[in-house]
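Undergrad: Structure below; questions to follow.
Throughout, read-outs are computed from the coordinates displayed, never taken from laboratory work. Here the structure is a predicted model, which is why all the values come from computation and not from measurement. FYI the Cβ positions are ideal-geometry reconstructions off the backbone, even for glycines, and counts take in every protein chain you see.
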Amino acid sequence: MRESPAGAGQVVFDPAVMRGLDYYTGTVFEMYDTSPENRRAMFGGGRYDNLVGMFGNSKLAGVGFGMGDVTMQNFLETHGLVPAFGHMVDVFVTLPAAGARPTAEKIARDLRAAGLSVMTPLEVSGFGTQLKSASKHGARFAVLLGEKELASGAVAVKDLASGKQEEVVLAALAPWFAKRK
């Protein structure tokens with residue numbers, strides 16, 4: 001791409017630009033980031049006559065373009081447009097046994113209804129494996145469905161940042177989390 005003359009607009013005609021000689025039949029274009037830190041093509045494309053028709057029975061002209069995810073990421077980062085994400089998962093509800101699935105799903109539904117982002121595992125596994133998964137997904141808390149706690153109508157809630165654990169009555173679980181948002 002040529003630099004645009006001083007005072008000119010952002011569109012520059014450059015007859016040296018060539019793209020996909022096998023199928024483009026008319027005007028081609030490329031879009032560049034104007035930032036000096038990210039001088040690269042963002043996307044490009046052009047006109048093609050009968051490209052779609054080669055794969056069907058009808059002649060059809062069109063214009064298309066392609067772009068990459070990495071170029072978009074570079075653009076967003078260069079211009080400070082990537083949003084700051086907090087915790088993606090507020091609560092990870094464990095699944096230590098197949099029989100605990102109905103309880104885990106009810107807890108997850110109730111917490112989601114209270115506005116929390118909740119994740120549950122698809123498979124039964126030990127607490128260690130599930131806590132690693134919770135940490136990997138950035139969860140703030142884990143709800144541990146222990147047999148002893150469930151028998152008394154409670155669960156253990158672990159703060160994954162501090163490692164502290166507290167027993168919370170099932171009926172008071174959503175309000176407990178609401179106080180910690």
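Undergrad: Hand me the tally of lysine pairs in the chain: alpha carbons under 28 angstrom apart, and the pair either on different chains or 8 or more positions apart.
TA: Lysine pairs, 8 or more places apart or on different chains, close enough: 25.
Undergrad: Something else about it: Mind putting a number on the dipole of region 91-178 about its Cα centre? Charges go on the C-beta only, +1 for Lys and Arg and -1 for Asp and Glu, and I need it in Debye to the nearest 20. Could the numbers behind the result be given before it?
TA: Working: 10 positive and 8 negative charges, 47 e Å.
The dipole of region 91-178 has a size of about 220 debye.
Undergrad: For residue 55 and residue 147, compute 0.36 nm times the residue count separating them, minus their Cα-Cα distance, and round to one decimal in nm.
TA: Numbers: separation 92, 0.36 × 92 = 33.12 nm, distance 6.07 nm.
Gain on extension, residue 55 to residue 147, equals 27.0 nm.
Undergrad: Something else: Karplus couplings for region 172-181 from phi (6.51 cos²θ - 1.76 cosθ + 1.60, θ = phi - 60°), rounded to Hz, Gly and Pro as x?
TA: Working through the residues one at a time gives 9, 5, 4, x, 4, 6, 4, 6, 10, 5 Hz.
Undergrad: Let me check the size of region 38-175 from its C-alpha atoms; what are the radius of gyration and Dmax in Å?
TA: That works out to 24.1, 72 Å for Rg and Dmax.
Undergrad: Charges only on Cβ, +1 for Lys and Arg, -1 for Asp and Glu: so what's the dipole of region 1-84 about the Cα centre, in debye to the nearest 20? Don't skip to the answer; put the middle values down first.
TA: Working: 6 positive and 9 negative charges, 51 e Å.
Using Cβ point charges on Lys, Arg, Asp and Glu, region 1-84 gives about 240 debye.
Undergrad: Just rank 19, 140, 39, fewest to most, by other beta-carbon atoms within 10 angstrom. Walk me through the numbers before you get to the answer.
TA: Working: 19 14, 140 21, 39 10.
The order, fewest Cβ neighbours first, is 39, 19, 140.
Undergrad: Go through region 82-146 and name the chymotrypsin sites (Phe, Trp or Tyr not before Pro) that are in a DSSP coil and have 16 or fewer other Cβ atoms within 10 Å of their Cβ.
TA: On the way: sites: 85, 92, 127, 141; in loops: 85.
Here the sparse-neighbourhood loop sites are 85.
Undergrad: Quick one: dipole size for the chain, taken about the Cα centre, charges +1 on Lys/Arg Cβ and -1 on Asp/Glu Cβ, in debye to the nearest 20.
TA: On the way: 19 positive and 18 negative charges, 94 e Å.
Using Cβ point charges on Lys, Arg, Asp and Glu, the chain gives about 460 debye.
Undergrad: Give me a comma-separated list of calculated 3J(HN,Hα) values for region 17-33, in order, Karplus coefficients 6.51, -1.76, 1.60 applied at θ = phi - 60°, integers in Hz, x for any Gly or Pro.
TA: Calculated HN-Hα couplings, in order: 6, 10, 9, x, 4, 6, 10, 6, 10, x, 4, 10, 8, 9, 10, 10, 6 Hz.
Undergrad: Another question, if that's okay. So what is the relative contact order of the chain, in percent, for Cα pairs below 8 Å that sit 6 or more residues apart? Intermediate values should be presented prior to the final figure.
TA: Details: 254 pairs, mean separation 23.2, N = 181.
After rounding, I find 13 percent.
Undergrad: Once both axes come from the Cα atoms, what is the angle between helix 127-136 and the longest principal axis of the chain, in degrees from 0 to 90, rounded to 10?
TA: 30
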